[in-house]
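Any read-out appearing in this document is the output of simple, stated calculations on the displayed coordinates, not a laboratory observation. It should be emphasised that the depicted structure is a prediction, and the values quoted were computed from it without experimental measurement. Heads up, the Cβs are rebuilt from the backbone with ideal geometry, glycines too, and the neighbour counts pull from every protein chain shown.
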Amino acid sequence: MILKGKTVKKGIVEGEAIVSKLPFSFLGDLDPQTGKVVPEGHDLQGQSIAGKIFVFDTGKGSTVGPNVAYQAKQLGNTPAGMICVEVEPVMAMVAIMNDIPMVHKLDKNPLDTIVTGDYIKMNATEGVVEVIKNS
Amino acid sequence: MRLTDEEKRMFQGEYGSGTQKAITMLIEYGEVFGAEKMVKVHNAHTGVTGGQWTEEMLAGVQNVRAFTTTHAGMAGSAGRALGLKEEFCKQAEAEQRKTLEMIIPRGFIPAMSCAPYMIGNVPTAGRAFSWPGSQGIIVANSVFGARGNRDAMPASMSSAITGVTPDMLLMQKQNRYGQVHFRIEDLDMENFTEADYGAIGYFIGSAAGTKNVVVEGIPENVSFDMLKFFMSPQPVSGAVAICHVVGVTPEAPTLEEALGNRKPEESIKIGPKEYREGWEGLHSAKNDNVEIVFFGCPHLNIAEIGKITRLLKGKKIAGEVRLFIATSEQVHVLAHNMGYVDTIEKAGGVVVSGVCIQGFPYPQLKEPANTAATNSARAASYQIRRGINIQYGSTEDCINAAITGTWGR
């Protein structure tokens, strides 16, 4: 399946998808030391987003988010790529500051079409996302 | 995006690699949100963190191109007064020294405060600002009518270096109108304290999410300080960046004008039930024991410190309680001159500057604690998420708790 979207940060990357239905903040939701999602009750609690294609709703919360992502990046704990429904300024800056290829505003809702474990090949420069189903 | 000749020179690297990096990030940022040009930033404010990254950003930068103050962090000397571990304080001090060496020669004003408006960084209506810190952002957008987006640290650092920000989102009048309408009804607000305002603000943020807010029913003579406590929790329980108050804030002379003559997406009543819901979300303590009482989120002004001083005069705080008051360096000096610091210290309290008290590093305390009382809905909400047992109430409630050692509200 091929999805078309808009560029947030250019780049070409591939990897396994990890999907959350929730808005995400790099301050509070991620432990930069481990790459794991922290809060109790979060749909990815205890799982690592490091090195994966992180698919989620949108950004939220503190303007410190990009700096926490920077710390995580030094330890290799940021996602390889990101896809969200519609980005907001803080999350856009996470991708731009830390050079994480990212797309948003896809022609189909990524939360309905991508599940954890799917393999994703994305060309964020062109806004093209190829989803290879795991099943 | 259309660039001016000067912006093109920055992009081509004529002013060095830092300026080139800054303008490149702003161009990418603007392209995501459909900006067609840059606008001039008069008022910047930024955090200076991330060691190597800051060095890269400042490479070749002679001087900032906007008036730029710096955000609150952790000053090593303040850390000692707050009872933090020596190793942590030494590290904070070393980092601070290195940062100051980097930024002072380049014209950054190291104010170390989350309240830029209190230290002479005041954008006027319609002008662009680029500040991190969601509290400053919502206050400057709403109360001053200045224009700023939810700019993270890298965005505001880039604006300080280049003097511009992309013309997008809240820079444009059509994106500033209210989207969610709140009506306050059946609440007697005449004697509302800052904690009452904070509770309502906390409720509004969680109901509004990322939308622009317009509120009806706040008394027209409401003070700036009350508005500050009303607005500052809205970007914590939600991600609100602008909150129009009808009859009070400059873009809301009437409800119709605040909404841009459009229908709101939603209209929500705030009555006694919603008010109580706000309060309930701000308490997490399981008993009445209080270990720390803190004020200063946002940093206190001189009048607020004066009020605490009057409540403490001739009193002593309970032996086991720690009382922390955080402000900016300038207000700290003024509080010394007024004799406030002396009175507060005699009562057993501590006044510090340069510190973000909301982000207080509890695990670094020499004498551990995990129970605190505060008058700030913003700080209460953040610390509850970090697992701190929080009591929430007015300045009077918090000072009473400091004196008696128990929460009596």
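For this structure, a couple of remarks:
- Estimated vicinal HN-Hα couplings, Hz - region B:69-75 in sequence order (Karplus 6.51, -1.76, 1.60; Gly, Pro = x): 9, 10, 7, 5, x, 9, 8
- Backbone HN-Hα couplings from phi across region B:357-372 [Karplus 6.51/-1.76/1.60, Hz, Gly and Pro as x]: 6, 5, x, 3, x, 3, x, 8, 5, 5, 9, x, 7, 8, 10, 9
- ³J(HN,Hα), Karplus 6.51/-1.76/1.60, whole Hz, each residue of region B:193-198, x for Gly, Pro: 8, 4, 6, 5, 4, x
- Ellipsoid semi-axes for the protein assembly as shown, based on the Cα gyration tensor and the rule √(5λ), read 37, 26, 25 Å when sorted largest first.
- Where the Cα pairs of chain B fall when distances are cut into 20 Å bins, in %: 27, 56, 17, 0
- Calculated on C-alpha atoms, the gyration radius of chain A divided by its Kirkwood radius gives an Rg/Rh of 0.92.
- Two-site label geometry, B:Asp186 and B:Lys263: point separation in nm, points 7 Å out along Cα→Cβ: 2.6
- Among the listed pairs A:Lys105/B:Lys211; A:Lys108/B:Lys211; B:Lys228/B:Lys307, those beyond 21 Å (Cα-Cα): A:Lys108/B:Lys211
- Checked against a 20 Å cut-off, the cross-linked pairs A:Lys9/A:Lys60; A:Lys10/A:Lys121; B:Lys8/B:Lys98; A:Lys10/B:Lys40; B:Lys313/B:Lys346 give Cα-Cα distances beyond that limit for B:Lys8/B:Lys98; A:Lys10/B:Lys40.
- For B:Val355, net neighbour charge (Lys/Arg +1, Asp/Glu -1) across residues whose Cβ lies under 12 Å away: 0
- Cα point-scatterer Debye curve for region B:177-280, base-10 log of I(q)/I(0) at q = 0.17, 0.21 Å⁻¹: -0.68, -1.08
- At full extension, A:Lys108 and A:Val38 could sit 22.3 nm farther apart than now, given 0.36 nm per residue minus the alpha carbon distance.
- Reciprocal of mean inverse Cα separation for region B:291-409 (Kirkwood radius, Å): 14.1
- For chain A, leaving out every one of the GluC sites (Glu not before Pro) that falls in a DSSP loop and has at most 16 other Cβ atoms within 10 Å, the longest unbroken run is A:41-85.
- Cβ crowding within 10 Å ranks A:His42, A:His104, B:His244 as A:His42, A:His104, B:His244, fewest other Cβ atoms first.
- In nm, spacing of pseudo-spin labels at B:Met1 and B:Lys90 (7 Å Cα→C-beta vector): 4.4
- Average projection area in nm² (convex hull over Cα atoms of region B:1-155, one quarter of hull surface): 9.7
- Value of Rg to Rh for region B:194-244, rounded to two decimals, is 0.93; Kirkwood radius and Rg both from alpha-carbon coordinates.
- Theoretical gain in end-to-end length, B:Asn287 to B:Arg106 [0.36 nm per residue, Cα-Cα removed]: 60.2 nm
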